[in-house]
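Remarks on the structure that follows.
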Amino acid sequence: MSENQSGANDSRPQAALSVTDGATNQTSAAATAAASQTVDPKTSSAHGPGSGTPPVFAAGHEPEGHHGHQSFWVWVLCLTGVDYFSTLGYQPSMAFDATGRLAPLATVLLVLITLFGALPVYCYVAGQSFTGQGSISMLERLMRGWSGKIVVLILLGFAATDYVITKTLSAADAAEHLIHNPFWHDMPAWAQGQILLTVFLLVLLGGVFLKGFSEVIGLAVTLVVVYLTLNAVVLGIGLTHLAQHPEAVSDWWRKVQEGDWLLESSPVQGSGLGSIALVCLLFFPKLALGLSGFETGVAVMPLIRGDATDTPEHPGGRIRNARKMLISAAAIMSVYLLASSLVVTTLIPSHELQPGGHAAKRALAFIAHGEGTLEISPLFGNVFGTIYDISTVLILWFAGASAMSGLLNLVPRYLPRYGMAPEWASKIKALVVLFTLINILVTIIFKADVDKQGDAYATGVMVLISSACVATVIDLFRKRTGPAVRRIAWPFVFITVVFFYVTAMIVYEKTVGIAIASCFIAAVFVSSMISRWLRSTELRLLSFRFVNHESHFLWDALRHLEFPVLVPHRSGADRTLAQKEEQIRREHHLDPNMPIVFVEATLGDVSEFYHSPIIEVTDEEGRFIIRVTKCASIAHTLASIALELSKSGTPPELHFGWSDENPLAMNLGFVLFGEGNVPWMVRELITKAEPDPAKQPRVIIG
């Protein structure tokens, strides 16, 4: 006996019958990637001996925790590092541009917030979302219904901003390094254009993804090791020079104490230590790009090898190694940020770091090339600088690859499962082409300007970190017991306040960031709702589940007794079943001896697209009643039941009463709330799922 609910030559998920011991076995993962396999109850094995629970036959999907090849956490650290560490290509310059000579002191604050703010939050997130879904997944679990979906869609818009701008900004900065390289000056004139060169790098990145990556982690390890080594050489020589010439540091500190901060306008009057600390605190949001990389660090968790004792439900070894990776990445980046800000601020002339200067957007490359009048080391020059430039361009370009991977992992994970993306959204090549076109458009809009894109990038990064903070606070509150005050994780609340302040300041000062993020959010919402509307006539059923074996037995009895009439009945209605039956027989002219089966469907989470309703079949006073709960849509549930019962005999008839509701309101209610124009939608669903008119259940409205 095949229990599969087949569609009409489409790729909708197949339905499968299942038996479960309760209504709490709701599987959010059941719709992962819209499972395309089914498990036949006759061929599926039950639980192990003595399990004491009925067998579960559900739609098949890849077991959680299976993610293919996994690697040592240090190697995966390098995959995160191509995104995180590559910001050294532009962070020191942008820090000076934002905070002037206060950059080293502001960077100290950045490091403190990194180590004692973002790091603890994401160490917790790693323990709760170890399948690579990050804080968005945590909030999805904590918030149900349409409110949860809306929050996820908004965060997806910010995540898209983060990842897309990561690609365009990194490519633009890579182009910046190429254009300023002396050997590149011999290239044709067309290769000297910032926009054209950036677009070329983005198209090249898309082409690589279309062809397919192999040994990605090996390449990432090579790029990160070479890049960090070259930066260690540059910074090590720079710090040694400062140790040998302390007057450079003392001169910088004297100017800081005198208030010569090189700021366009200072929000604080005075030049004392208190004023300096306050200015650093107020200007800290301008350095927020130094916090990028944490969300990527959680996203790559599935690639981390754990312990042999790890289970899909609790991979303790993988979680522990992921935390090692996050701590190591934060520590390494903190050291490089502190060293780079001090070396850049004290050794490079201020006019070279300001907009239009040769060190703008490429401060460390400026030192590596030995540019300027200060001779720091005979090693530095065009040869070493070119090697440094090549390494910087490659890691910045590969940072775009990391962002592309994040997008390709994020979009198919949520939107198709919500019914908010067309079927091609699960096809990697189609997404690569789409994202590449978006990248080109963003590059043209921003004219490949690194500084302008930095504002949008910082907005996306900080919103995602803030969402992780909120998810952590809520999750800890729900897990703890006792009085409400004791259940609140106050240290995480303080961290959340800090990041909300940073986010608010970025949005307030740099409206372009929230503007571009709003465009992405609007695009996500509009495309999602259109897709949900267009896909509303898909059957959407993953599986039927039964409360107990008795209900499953009565269901099979109904299939073979060929009950010809199904009558939907609203649970809790004023009329009794006897009154309902009398009315139906009178208005629909049904013979008194014709058997009737009543169907009571109760909505569950109507925001879900795919659903696995739970069925209870009872025989009450000679009337068979099918009670269905956890439905995402009444119409889809009724159509699925009718189609399933029609497989073993004559297709049944569904008898409905007439409704006087507004048709437009009913259609909108169907898409959003699972109700609305039920008879019409049931007929549409049946017609689409079963093309043979002889096998289609009939819909009759009295």
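Annotation for the stretch 358-368: no member residue is part of a helix (DSSP H, G or I) and surrounded by fewer than 23 Cβ atoms within 10 Å (Cβ to Cβ). Taking the criterion of being open to solvent by 10 Å² or more (accessible area, probe 1.4 Å) and modelled with pLDDT under 85, would at least one residue in the stretch 200-208 satisfy it? Yes - at least one qualifying residue is present in the stretch 200-208.
Checked against (1) among the aliphatic types (A, V, I, L, M); (2) assigned to a helix (DSSP H, G or I); (3) in contact (Cβ under 8 Å) with a residue 40 or more places away in the chain; (4) open to solvent by 20 Å² or more (accessible area, probe 1.4 Å), Ile390 passes all but a single condition, namely (3).
The numbered conditions (1) of a type outside the set (Phe, Trp, Tyr); (2) modelled with pLDDT of 85 or more; (3) open to solvent by less than 60 Å² (accessible area, probe 1.4 Å) are all true for Lys688 except (3). Looking at the stretch 257-277 only, could you name the residues that are part of a helix (DSSP H, G or I) and either at positive phi or buried (at least 19 other Cβ atoms within 10 Å of the Cβ) (or both)? Within the stretch 257-277, just Ile276 meets the criteria. Entry remark, the stretch 618-639: residues being at pLDDT 85 or above and either out of contact with any helix residue (DSSP H, G or I) (no Cβ under 8 Å at 6 or more places or on another chain) or open to solvent by 40 Å² or more (accessible area, probe 1.4 Å) (or both) number 6 in total. Please tell me if Leu115 is under 30 Å from Val393 (Cα atoms), open to solvent by 50 Å² or more (accessible area, probe 1.4 Å), at pLDDT 90 or above and out of contact with any Asp or Glu (no Cβ under 7 Å at 6 or more places or on another chain). Yes, satisfied. Report yes if some residue within the stretch 190-205 is closer than 19 Å to Ser405 by Cβ and among the hydroxyl-bearing types (Ser, Thr, Tyr); otherwise report no. Scanning the stretch 190-205 turns up no residue that is closer than 19 Å to Ser405 by Cβ and among the hydroxyl-bearing types (Ser, Thr, Tyr).
Residue-wise test of (1) over 20 Å from Leu645 (Cα atoms); (2) free of Cβ contacts under 8 Å to residues at least 12 places away in the same chain.
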site	(1), (2)
Leu577	yes, no
Arg586	yes, yes
Asp591	yes, yes
Pro595	no, no
Asp605	yes, no
Thr618	no, no
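When each of Gly132, Gly68, Gly100 is tested for being on the phi > 0 side of the Ramachandran plot, open to solvent by 10 Å² or more (accessible area, probe 1.4 Å) and either outside any helix (DSSP H, G or I) or modelled with pLDDT of 90 or more (or both), the lone residue that passes is Gly68.
Out of Ile488, Ile495, Ile465, one residue alone is surrounded by fewer than 16 Cβ atoms within 10 Å (Cβ to Cβ), at pLDDT 90 or above and out of contact with any strand residue (DSSP E or B) (no Cβ under 8 Å at 6 or more places or on another chain). It is Ile488. Is there a residue in the stretch 503-511 that is over 29 Å from Ser137 (Cβ atoms), in contact (Cβ under 8 Å) with a residue 60 or more places away in the chain, open to solvent by 10 Å² or more (accessible area, probe 1.4 Å) and not β-branched (Val, Ile, Thr)? There is at least one residue in the stretch 503-511 that is over 29 Å from Ser137 (Cβ atoms), in contact (Cβ under 8 Å) with a residue 60 or more places away in the chain, open to solvent by 10 Å² or more (accessible area, probe 1.4 Å) and not β-branched (Val, Ile, Thr). Could you tell me which residue of the stretch 142-161 is farthest from Tyr84 (Cα to Cα), considering only residues that are assigned to a helix (DSSP H, G or I) and touching an Asp or Glu at 6+ places or on another chain (Cβ under 7 Å)? Going through the qualifying residues, I end up with Gly145. Checking each residue in the stretch 263-302 for being touching a Gly at 6+ places or on another chain (Cβ under 6 Å) and either farther than 24 Å from Thr87 by Cα or at pLDDT 85 or above (or both) picks out Leu263, Ser271, Val298, Met301, Pro302. Against the numbered list (1) within 14 Å of the chain's Cα centre (by Cα); (2) buried (at least 18 other Cβ atoms within 10 Å of the Cβ), Asp475 comes up short only at (1). If the condition is being assigned to a helix (DSSP H, G or I), over 20 Å from Ser71 (Cβ atoms) and open to solvent by 60 Å² or more (accessible area, probe 1.4 Å), then the stretch 278-332 contributes Leu278, Leu281, Lys286.
The values are calculated or read from the model by the stated rules, or taken from the named source; none is laboratory data. From a predicted model like this one, the values you see are computed outputs, not experimental measurements. Every residue, glycine as well, gets a Cβ built from its backbone with ideal geometry; the counts of neighbours run over all protein chains shown. Remember, those area values only see protein heavy atoms, side chains included, never the ligands or the DNA or RNA. Shrake-Rupley method; radii C 1.70, N 1.55, O 1.52, S 1.80 Å.
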